[in-house]
Structure formats: C-alpha cells, structure tokens
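Participant: Next up is a structure, given as structure tokens.
Every read-out reported here was derived from the displayed coordinates using simple, explicitly stated rules and does not represent laboratory data. Owing to the predicted nature of the structure, the values given are computational and were not obtained by experimental measurement. When we count neighbours, we look across all protein chains shown, and the Cβ atoms used for this are built from the backbone with ideal geometry, even at glycine.
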Amino acid sequence: MPFEPAFMSRLEAFQAELAEVRAPAGWMAFRARWFTDLPWPRRTPEALAAARGDGAPWVVAGRTFRRAPLPDDLTPEARYAYFSALARGFAAMYPHDAPGTGGSAVRHHCPACELFSDEPGDPTCPGCGRPLLAMRLAPPAR
Ligand SMILES: [Zn+2]
C-alpha cells in the first residue's frame with residue numbers, strides 16, 4: 001500500500017492555506033507546518049522499474065508524453081497535491097521566474113499519472129483529466 005502523507009487527512013485545510021501562500025516567508029511557514037512527516041517511504045527499485053514500464057512514449061493528439069515515476073511511495077492523489085504545493089511554493093519563492101518566462105522551456109507534468117510532455121497543448125492530463133502542472137525545465141537564473 002502506498003504511503004499517505006499526514007496532509008492528506010486534512011486536504012481541504014491544506015489547499016485553503018496553500019491558496020494564501022504568496023511570498024517566501026509564507027511558503028517556508030506552510031512547508032514547516034504541513035510537511036512534518038518527510039521523508040516519506042521510497043519505492044523499492046523493483047517497484048520503480050515496474051512504474052517506469054518499457055519507457056515507450058504515449059502520443060496523444062500528436063503530443064508526446066513520457067513516464068517519469070517519482071521515487072516516493074505515495075498515492076496518486078498525494079503526489080498531485082504535493083507537486084501542486086511545490087509549484088505554488090516555487091511561484092512564491094521566484095515570482096519573476098514563472099514557467100515559460102523569457103521563453104524558458106516548460107514541462108507539462110501530471111504527478112498523479114507520472115506523465116510529462118515538453119510540448120505545449122491541452123492543459124489537462126490525458127490520463128486523468130487533472131490540470132497539467134507547468135514546471136520550468138531550467139532553474140531560475142541567478
Ligand atoms: Zn494525470
């Protein structure tokens with residue numbers, strides 16, 4: 001059974017507080033308050049390999065998706081909630097470096113399905129219908 005982080009038992013409060021995060025201090029406080037049970041259990045190498053599958057891309061409406069299994073052994077819902085929070089945290093920490101800023105490459109990622117595409121297109125995940133999360137491919141310039 002995948003691990004369920006503590007924040008999942010209070011997901012509504014988690015998401016309400018996350019929506020208020022706008023600045024680095026707010027993100028630091030949010031992280032300290034909600035991610036107290038890190039590190040989470042990891043998948044075994046065998047489970048990770050099984051999740052990776054044969055590595056074949058999945059082409060949907062001409063757009064190529066690849067699998068990118070995450071090392072933590074979490075439920076799809078927890079993965080999605082966690083990475084949504086990280087995206088918000090990134091926006092709070094680097095307000096001038098949003099994904100795509102200055103022509104930077106953007107990765108469109110569904111942590112629930114563990115799929116990503118580096119091509120623009122439909123903003124919803126072809127696997128589950130959740131919004132794809134936009135991530136910067138390169139770290140912010142410093
Ligand atoms: Zn998905």
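Participant: How far is it, in nm, from the label point at E46 to the one at A23 when both lie 7 Å from their Cα along the line to the Cβ?
Facilitator: In this crude label model, E46 to A23 measures out at 5.1 nm.
Participant: List the relative contact order of segment 6-136 as a percent without decimals, with contacts defined as Cα pairs under 8 Å and 6+ residues apart.
Facilitator: Answer for segment 6-136 is 23 percent.
Participant: With the crude spin-label approximation of a point 7 Å out along Cα→Cβ, what separation in nm comes out for M8 versus T75?
Facilitator: 0.5
Participant: Separate question: Which of L74, P99, A87 sits farthest toward the positive end of the charge dipole of the chain, with +1 on the Cβ of Lys and Arg and -1 on the Cβ of Asp and Glu?
Facilitator: P99
Participant: A follow-up question, please. Principal axis extents for segment 6-136, Cα atoms only, whole Å, descending order, please.
Facilitator: 41, 38, 22
Participant: Between R107 and R33, with labels modelled 7 Å along Cα→Cβ, what's the label distance in nm to one decimal, could you check?
Facilitator: 2.9
Participant: Here's something else I'd like to know. Output the Kirkwood hydrodynamic radius of segment 92-142, Cα pairs only, in Å rounded to one decimal.
Facilitator: Computed over Cα pairs of segment 92-142, the Kirkwood hydrodynamic radius comes out at 11.6 Å.
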